[in-house]
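Written out below as C-alpha cells is the structure these notes cover.
The values are calculated or read from the model by the stated rules, or taken from the named source; none is laboratory data. Note that this is a predicted model, so its numbers are computed, not measured. Cβ sites come from the backbone with ideal geometry, for glycine too, and all protein chains shown count toward neighbours. Just the protein is used for accessible areas: all its heavy atoms, side chains included, with ligands, DNA and RNA removed. Shrake-Rupley method; radii C 1.70, N 1.55, O 1.52, S 1.80 Å.
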Amino acid sequence: MAKLPPYTTTGERIWHYAFRFICGLIFLFLILPVLIVLPLSFNVEPYFSFTPGMLSLDPEAFSLRWYKDIFRNGMAAPDAPFDMAWLADTWNNAQWMRAIRNSFFIGICATLLSTALGTLAAIGLSRSEMPYRRLVMSILISPMIVPLVITAAGMFFFYSKIQLSQTYLGVIMAHAVLGTPFVIITVTATLVGFDKSLVRAANSLGAGPIQTFFKVQMPLIIPGVISGGLFAFITSFDEVVAVLFLASPEQRTIPRQMWSGIREQISPTILAVATLLVLLSIILLTVIELLRRRSERLRGITSS
Amino acid sequence: MDVSQPITAADGTPLKKKLAQAMFRSKLRATGLVVPLLAFVLASFVFPILALMWQGIHNDTFARLMPNLTEELRVWDGVSDPTEEMYALLVADLRQNRADKTIGKVASRVNQELAGTRSLFTSTARKAKKLEPPFKEALIKTKKKWGDIKVWQAMKLTNQSLTPGFYATSLDARYTVDQGFVMKEEKRQIYTKLFVRTLMISGSVMLLCLLLGYPVAYLLATLPLKYSNLLMIMVLLPFWTSLLVRTTAWIAILQSQGVVNDLLVWIGITGDESRFSLIYNMTGTIIAMTHILLPFMILPLYSVMKTIPPSYMRAARSLGATPTAAFIKVYMPQTVPGIGAGGLLVFILAIGYYITPALVGGQDGQLISNMIAYHMQKSLNWSLAAALGGLLLLGVLVLYWAYDRIIGIDNMKLG
C-alpha cells in the first residue's frame, strides 16, 4: 500500500483507515454469500445452517453425502456396486445428472448460435457505413433490457403456435437471443481498437475478403469473441425464466432444478450443486481475465 | 485540363457515380453482416413480444365462441332490458359450447369481467338442452342472475374483442358499458400499489447500490493496479456466479436459523425467541437484489473514475480546498456520468426482476413481474398479464431510451 504523505492530519489518517475498513465490509458483503455455500454444502445434517459440530470443526459433522446425492437422486439402484452399470444408471436416471447434461447441451448450442451471429453483426455494426446503426444496435441489445418475464411470456405463446415450445430447439433459440447482446457488446468493444488499415493492407496485398477475415481480422478479435461466447454461455447456463415458461420436464436445466429445489424440497444438495457452480464461475472468470490480457497485448495496450 | 468536364474514373464513369456505387456496396456489405442476427432477433424475440402486446388489447374468446349472440350484443345499447331474442340466441350458443366442451373458456372470460359468473355459465350450459321457450323466463327460472343487467353488460364488454378493459384493470380502473372508465375503490386497488412498490423497491436497490458501490469503485480506481486487480476479483466473482446460487446463499444467511441470526443471538443482540425475520419479506428482496445488482453499479462507476486524473484533486488541495470540499466540488461532478450509467442500468434491471423476489420475497416483497407470472401460470388471465407486461415494458423502454440518449448503448461495458 502506498504510504500516506507526511502532511496528512490525524483526522485524515483516521478517515483513510476508516474508509478502507468500510470498503472491506462492502467487499465482505459481495463475496461472503458466494463463499458461504462452500462449508454448508459439507453439512452432514439436512439443514441450511451451521450445526454446533461444524463450528467446533468436528470431522463427524462434515460429509460428502450431498455430493453423492447429486449422482444418486433418481437412480434406479443407487446402492448397487460401483461399476459401468452404476455409471450408466446415474448418467441416464439421476435427476441432477440429466439437468447437468441439459444445461451443457443447451448452453453450448445456444452459445455457438449467438456467438456466430453476434460476431458477424458486431463487425457490421462497427462499420461507419452501416445505415440506421443506432436503431439496429438498440434492437439487438434489447433482449438484455426487456424484463425476462415479458420475453418468456411472449415466446411461450409464439413458440407454442409454431410447435417449438417444450422442445430443445425452442429453449436453445430463446437462450441464443438472450445471449447475443453480450456477444455484441464484448466484440464491439474489441473492434473499437481494431486498426482498419490492416484490412486495407491485406486487400492491397491480394487477399480476398474471406481470407482477410480469417487470417487478419479474426485472430485479432478472437479474445473478444471468446469472452463474448463465455458471457453467452453463462447467460444460458444461469437462465431459468425462459426455461420455466418454455421447457418440459425433459429439458430441465440446472437452474430449473435448483428453482424447484428451493421452492419445494429444500435440501443441501442445492448447496453442493451451488459449490460446483461457484467453481465453474471461477474457472470462467480466470479464462476471461487471461483473454483480456492477451487481447490487450495483441492490440499493443500495455497495462499501466 | 478541362474543368467543365466531370472527373471520371479509370473506366470512364463519372467519379461521383463511382463513389456512390462504392458507398452503396460497402453499405450493403455492412448490412449483410447484420441481417442474419437482426432477422433472428426480430423473428424470435421482437415479434413474439409484439404478439403478446396485441393480446393485451385484443381478446376474441367470447365473440368467437358465441357466434349467434355476438351481433345482437353489439347492437344492444347496454341499458335497456335484454329481449327474448337475445335470450334465445344465448341458449343456442350455450348449447353449442356445451357440445364443443368450450363453455369453460367462455365462463372464465366473462368471469374476468364480472367475478362470480363462472358457475352461472357452466351450470346453465349443462341444463341448456332441456330449456324450452320462452327462454327469458326459463333462464331466469334456472338462475335468477340471468335477469341481472350487470351480467348482460359484462357479456357486452367481453363481446368486444378489441378492448381497453385489460389496461384499465392494470391501472385499477374498470371499463364499463355506460360510464366509461371508473376507478376502483381505494382498498381494492392492487396493481397501482404493486407498480408503486416495484418502483420503490427498485429505487431503494439503486440507492443502496450507489451507496455501497461508490466507495468500492473509488478505492478500486485509486489503488495501484496490482492491488485493484486482485480486489476486482471480489466484484467479478459474484457477477459471474449463478443468480440462483446467490439467492440460495442469501436464504442460508438470512433465514431465522441462518448465519446472521445465529451470530446476533450468539453476540446477545437478540434473544433466541425473537430472531429477526430478514427473509421472505421486502427486506430479503432488497438485500438479495442489492447484492446481485451491485456489480452493475461498480463496473460503470469504476470505468469512469479510472479516467479522472488524480492531479485534479491535488490541484484543488493545493489551491486551499479541504479534502471534503475538493472531493465534493472537484471529484464528484466528474463521476456523474458513471453514476448515471450505473444507476440507470441497475434501475432498469431491478424493475423487471422476477427470480429473486419469487424465491425470497414472501408476501410483501413481490414485484410486478411476479404478478405477470401469476396471471400467466396460475390464474391464466393471459390478456391481463399482457396488459401488465405492456405497462412494465413501456416503462423499461422509456428508461432504455433515456440510457441511450444520455450514455449511449455503445458505451455499455461488461467486466
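Would the stretch B:62-163 count as rounded, prolate or oblate if I go by the C-alpha gyration tensor, calling it rounded below 1.5 in a/c and otherwise prolate when a/b exceeds b/c, oblate otherwise? Since a/c stays below 1.5, the shape of the stretch B:62-163 is classed as rounded. Within 10 Å of the Cβ of each residue in B:216-228, the mean number of Cβ atoms contributed by other protein chains is 2.
Here's the picture: charge each Lys and Arg Cβ at +1 and each Asp and Glu Cβ at -1 in chain B, and of B:A386, B:Q112, B:L19 the one pushed furthest to the positive end of that dipole is B:L19. About its Cα centre, the protein assembly as shown has a charge dipole of approximately 1420 debye under the convention of +1 per Lys or Arg Cβ and -1 per Asp or Glu Cβ, with nothing else charged.
Straight-line cross-link reach from A:K196 at under 28 Å between alpha-carbon atoms covers these lysines, not counting any fewer than eight positions away in the same chain: A:K215, B:K16, B:K17, B:K18, B:K27, B:K306, B:K413. Could you give the size of the charge dipole of the stretch B:130-265 about its Cα centre, using +1 on the Cβ of each K and R and -1 on the Cβ of each D and E, expressed in debye and rounded to the nearest 20? The calculated dipole for the stretch B:130-265 is roughly 580 debye. Projected onto the charge dipole of the stretch A:144-284 (+1 at Lys/Arg Cβ, -1 at Asp/Glu Cβ, origin at the Cα centre), which of A:I254, A:G206, A:I222 gives the Cα projection farthest towards the positive end? Towards the positive end, the residue furthest out is A:G206.
Buried accessible surface for the A/B pair, both sides summed and rounded to the nearest 100, is 8200 Å² with a 1.4 Å probe. Remark: C-alpha extents of chain B on the principal axes read 97, 96, 37 Å, sorted largest to smallest. Toward the positive end of the charge dipole of the protein assembly as shown, with +1 on the Cβ of Lys and Arg and -1 on the Cβ of Asp and Glu, the farthest Cα among A:I22, A:P6, B:T283 is that of A:P6. The value obtained for the stretch B:303-367, namely the Cα convex hull volume divided by the number of residues, is 112 Å³ per residue.
What does the charge dipole of the stretch A:1-160 about its Cα centre add up to, to the nearest 20 debye, if the Cβ of each Lys and Arg holds +1 and the Cβ of each Asp and Glu holds -1?
Result for the stretch A:1-160 is approximately 800 debye, rounded to the nearest 20.
What pairs from B:K129/B:K156; B:K105/B:K145; B:K156/B:K184; B:K136/B:K187; B:K127/B:K193; A:K161/B:K136 go past 31 Å between their alpha carbons? Among B:K129/B:K156; B:K105/B:K145; B:K156/B:K184; B:K136/B:K187; B:K127/B:K193; A:K161/B:K136, the Cα-Cα distance tops 31 Å for B:K136/B:K187; B:K127/B:K193; A:K161/B:K136. Size descriptors for the stretch A:194-279, from the alpha-carbon set: Rg then Dmax equal 21.7, 66 Å. Which angle between 0 and 90 degrees, to the nearest 10, do you get for helix B:225-240 versus the longest principal axis of chain B when only C-alpha atoms count? With both axes taken from Cα atoms, the answer is about 10 degrees.
Solvent exposure of chain B amounts to 49 Å² per residue of accessible area, where only protein heavy atoms count and the probe is 1.4 Å.
If you fit an axis through the alpha-carbon atoms of helix B:382-406 and take the longest principal axis of the Cα set of chain B, what angle between them do you get, 0 to 90°, nearest 10? Rounded to the nearest ten degrees, it is 20. Here the accessible area of the stretch B:42-94 is 64 percent carbon and sulfur, with a 1.4 angstrom probe and all protein chains present. Rolling a 1.4 Å probe over the heavy atoms of the protein chains gives chain A an accessible area of 48 Å² per residue. For chain B, the longest principal axis of the alpha carbon atoms and the long axis of helix B:84-100 meet at an angle near 70°.
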